[in-house]
Amino acid sequence: MYKIVSIPGDGIGPEVVAGALAVMRQVTKKHGFEIQVEEHPFGGASYDLHGSMLTDETLNACRECDAVLLGAVGGPKWENLPHEHKPEAALLKIRRELGLFANLRPAKVYDALVDASSLKADVVRGTDFMVFRELTGGIYFGEPRGYDETKGWNTMAYEKHEVERIARLAFEAAQKRGAKRVMSIDKANVLEVSQFWRNEVHRVHRDFPDVELADMYVDNAAMQIVRNPKQFDVIVTGNLFGDILSDIAGMITGSLGMLPSASIGRIHALYEPIHGSAPDIAGRNIANPIATIASVAMMFEHSFCMQDIANEIHAAIEAALADGLRTADIAAPGEKTVSTTEMTEGILRHLGA
Ligand code: NAD
Ligand code: IPM
Ligand code: MN
């Protein structure tokens, strides 16, 4: 029996995770097996309970389970804590401790939502690319780091093995996709670390002659993603650039509330929507649960190798959208909206509930 650790976290985290767990329970019931779910506090919620954003107990539970489901962390209540005590630092710690070096962020446009994007329907229709964001290195983790009264500093550095392993994953994924194209995104015209990144990606590419590789500067990439998102197939990039570019990709799909992700390493895996705790809408049952529900689909695909169940979940999401269900973030002006729980129920209905 599979064992999942659920860490709902802060803000809308618990609301969207509840929807995702309901979907998980429904598909396991339908297919006649069980997944054990153990909930642990994390982030601000954990700090308020235990005085620590990430307790050893939560971290050990994450180490011992088959997959982790995370909502989101952070919020105004904790943003003035010293840097190393912020909820966001705990998120970086969990990623690093679990060795989750690759963050897979698919940006796929659902036909029913082409009009929800702030971009023209013709530009976004058919978009389907996958960002491979390096997650445990780069400027997020580089030393030295800090600030004093006169300056602030961070360090962007990549080691050979860090670039090699994410590049390899990206090329392997491209091999399995139709287009077999990888775009490596960097800032090699200015940053030495990026020149190193580029050289390493090209070195690894020699093992994948059937995949086409091209490079793009990150500033141009940000523009190209909104100009013509369909030109991309697989994107591989560093931690900070991947963070920014995947939020941009969010608007192609209509809302940040649509984008799931899988954070994977050699041993562990954690599934999380790309959005944050959305304090502006938390506690009102209006958040879009689809990003987190689709993250569960990624869990079935990557951690349990149950592609059929992943497909069923995606199909149920699509069917609920085709029924016209819209949370506020993906509704057209004046269109009727549904709550988080109503959207979840709409998806569950297409899974036989
Ligand atoms: P955010 O992603 O929380 O919200 C940005 C905007 O998108 C807000 O207007 C929000 O209402 C909307 N939004 C996000 N998810 C939505 C959903 N599921 N349904 C409907 N609307 C949604 O980013 P932010 O406001 O910059 O950050 C808020 C807090 O979340 C900060 O503390 C930040 O550090 C944290 N954060 C955490 C994670 C994470 O835990 N993985 C990711 C990003 C931000
Ligand atoms: C994300 C978030 C995090 C990141 C923050 C909250 C640490 O923005 O998961 O995209 O920058 O990685
Ligand atoms: Mn982000």
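None of the figures in this text is laboratory data; all of them are computed from the coordinates on show. Since the structure is predicted, the reported quantities are computational estimates derived from the model, not experimental observations. Cβ atoms come from the backbone with ideal geometry, glycine included; neighbour counts cover every protein chain shown.
Worth pointing out:
- Of the GluC sites (Glu not before Pro) found in region 37-92, the ones in coil according to DSSP and having at most 16 other Cβ atoms within 10 Å of their Cβ are E79.
- Qualifying chymotrypsin sites (Phe, Trp or Tyr not before Pro) in region 1-64, where qualification requires a DSSP coil assignment and no more than 16 other C-beta atoms within 10 Å, comprise F33.
- Centroid-to-centroid, using Cα positions, region 312-331 and region 108-175 are 26 Å apart.
- Most fluctuating residue given options V73, V236, V218, as computed from a GNM of the chain linking Cα atoms under 10 Å: V218
- Projecting the Cα atoms of T127, L54, L91 onto the dipole axis of region 43-138, where Lys and Arg carry +1 and Asp and Glu carry -1 at the beta carbon, places T127 farthest toward the positive end.
- When +1 charges are put on Lys and Arg Cβ atoms and -1 charges on Asp and Glu Cβ atoms, the dipole computed for the chain relative to its Cα centre reaches about 640 debye.
- Residue-span extension gain [D210 to E149] - 0.36 nm each, minus C-alpha spacing: 16.7 nm
- Exposed loop sites are taken as trypsin sites (Lys or Arg not before Pro) in a DSSP loop (any state but H, G, I, E or B) with at most 11 other beta carbon atoms within 10 Å; the longest stretch of the chain without one runs 1-119.
- DSSP beta bridges in region 128-246 [antiparallel fraction, %, rounded to 5]: 20 percent
- For region 128-246: relative contact order, % (alpha-carbon pairs under 8 angstrom, 6 or more apart): 40 percent
- Under the convention that each Lys and Arg Cβ holds +1 and each Asp and Glu Cβ holds -1, the size of the dipole of region 128-246 around its Cα centre is about 400 debye.
- Full-stretch length increase - I248, N60 - with 0.36 nm per residue and alpha-carbon distance subtracted: 64.3 nm
- Gained length - S339 relative to A157, 0.36 nm times residue gap less alpha-carbon distance: 61.2 nm
- At most 16 other Cβ within 10 Å, DSSP loop - GluC sites (Glu not before Pro), region 141-201: E149, E159
- Comparing P76, P106, P87 in a Gaussian network model of the chain, where Cα atoms under 10 Å apart are tied by springs, the biggest mean-square fluctuation is seen for P76.
- Averaging the sequence gap over all C-alpha pairs within less than 8 Å and six or more residues apart, then dividing by the number of residues, gives the chain a relative contact order of 22 percent.
- Only helices enter the 222 nm calculation for the chain: every DSSP H run of n ≥ 4 contributes -39,500 (n - 2.57), and dividing by all residues gives -12500 deg cm²/dmol, rounded to 500.
- Positive minus negative residues near L351 (Lys, Arg vs Asp, Glu; Cβ under 13 Å): 0
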